[in-house]
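First the structure, in the form of structure tokens, and then the observations on it.
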Amino acid sequence: MADAAPHDSAGHGNPDDPERPARGPVTPASRLIPLIAPAILVGIGCALVLLGLNRAAGRLQYLLWTAIPHGLGIDGFNPWWIILVLTATGATVGLTVWKSPGHAGPDPATTSLVDLPQPPYVLPGLAVATVLALAGGVSLGPENPIAMINIALAYWIGRRFLPDSGPALWLGLAAAGTIAALFGTPVAAALILSEVPAPGALWDRLFAPLVAAVTASLTTLLVAGNDFVAKVPGYPGARPLDLVWALLIGALGALFGLAAVYALPYVHRGFHQIAHPVAMLTAGGLALGVLGALGGEPTLFKGLDQLKELALGYGDHGFWALLGMTVVKLLAMLIAAGSGFRGGRIFPVVFVGVALGFAVSALIPSVPPALAVVCASLGLLLATTRQGWMSLFTAVAIVPDLALLPMLCVAALPAWLLVTGRPEMQLAPEPAAADR
């Protein structure tokens, strides 16, 4: 009997080794299925890192703002205590940035929510600086540094087990897991990643990140629940005049956001005239303390808990008080980002949008608070992030009422016309300098 002819490469045999059956044709499913297990592990890890750092910051926050002041017999939000704590926070973050390996990561004014992996030695200092800032009342959120930590961990650990994998895989998984953990839903991650240009079918690219996002969001919900929703009075239903208000308030939010975008380079340049990081961040902490003393507790911290408290008691504040909170929080975010504190800008921007929306509703009572809040938040987010889907999703997440969705789509139109082509709220990195 004659030897069998070598099998061809179409899945019928292996021409290099006749004894070994050839692999079948590579299909999208055969590429995606092996990614499920790594995606699940990355998703769980991203959620646990977020929850762990938030828990550490919460414990320290309680110590600084409740336990110690109570022991001293003073109000934890006494103006002088606010100034003292924020100035001390600036000094300790400055020491961390100065002395830690890698200086706690790159300048936060030059980073985005999703960046390339940092070296592992940067992560301890970045984690410490983030916890100190969150606990000390700095007006920045955890999203950027935690995404940076998760991306680096996923990349450096993942490459040990899958050495042939590239950074794109781990960056996508960690970014999706972090975003889903932050918002408590995988939808946000899918929407943000859908805006990233890349070859291939969209859902093939989203498959593994979506697995990580689902796992991360479920982990967060099971451990901590979802506390992103603000209890704003329900939207009574669309009226023709609401279309006009949506257009105007969305544009107003975009203008406030653009004011911050154009101001950031000047604030950044002013603080970076101070050569030493300890002095620079101490000065930033002092400035934040003064603003916090003016604005009070609602204008401190990342803004999520304060947003929910404001939604419950916004009727106790008049127009000028609400507008003052809006301006103070926006300035605090600019100073925090410009002076080198580690943190993200999405959470404080959302607080600014909510405060601005309530201010508009207080000035013009016929404007429904829910409509004003979501449209102002959408405009601010579009200006400061330039991510349309993420901005739209976040606005819906604040007040989850589908009746508002058509109004948000209307509000997005003038807001996007105002912000497109404008500078973004991210500065170009400066040339690397020698370690101080």
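Readers should treat all values here as calculations from the given coordinates under stated rules, not as data from a laboratory. Predicted, not measured: the structure shown is a model, and the values here were computed from it. Quick reminder, even Gly has a Cβ in these numbers, built from the backbone with ideal geometry, and neighbours come from all protein chains shown.
Protection proxy ranking of 293-303, 354-364, 312-322, by the mean of other Cβ atoms within 10 Å over each peptide's residues and highest first, is 354-364, 293-303, 312-322.
Database remark: amide H of GLY141 closer than 5 angstrom to the amide H of GLY344, ARG345, ILE346, PHE347 (H placed geometrically; neighbours at sequence offset of 5 or more, or on other chains; Pro and chain starts carry no H).
For the peptides 136-144, 408-416, the ranking by mean Cβ contacts within 10 Å, running from highest to lowest, is 136-144, 408-416.
The lysines within cross-link reach of LYS329, meaning a Cα-to-Cα straight distance under 23 Å and a gap of 8 or more places when in the same chain, are LYS231, LYS302, LYS308. Taken over the chain, the convex hull of the Cα atoms encloses 168 Å³ per residue. Computed per residue of the chain from DSSP H runs no shorter than four, each worth -39500 (n - 2.57), the mean residue ellipticity at 222 nm is -21500 deg cm²/dmol. Taking 7 Å steps out from each Cα toward its Cβ at LEU417 and SER112 produces label points 2.6 nm apart. Compute the angle between helix 405-419 and the longest alpha-carbon principal axis of the chain, please, reported from 0 to 90 degrees and rounded to the nearest 10. Computed tilt is about 80 degrees.
Normalised by 2.2 N^0.38 Å, with N the number of residues, the alpha-carbon radius of gyration of segment 96-164 equals 1.13. If you bin the C-alpha pair distances of segment 270-362 every 5 Å from 0, what whole percents do you get? The percentages, shortest bin first, are 3, 15, 25, 23, 15, 10, 6, 3, 1. Taken along its three principal axes, the alpha carbon spread of segment 34-224 comes to 60, 34, 28 Å, from the longest extent down to the shortest. Just how far, in whole angstrom, is segment 306-376 from segment 410-430 if you go by their alpha carbon centroids? Here the answer is 19 Å between Cα centres. Rounded to two decimals, the Cα-based Rg/Rh of segment 240-419, with Kirkwood Rh, is 0.99.
For segment 240-419, a crude dipole built from +1 on the beta carbon of Lys and Arg and -1 on the beta carbon of Asp and Glu, taken about the Cα centre, is about 540 debye to the nearest 20.
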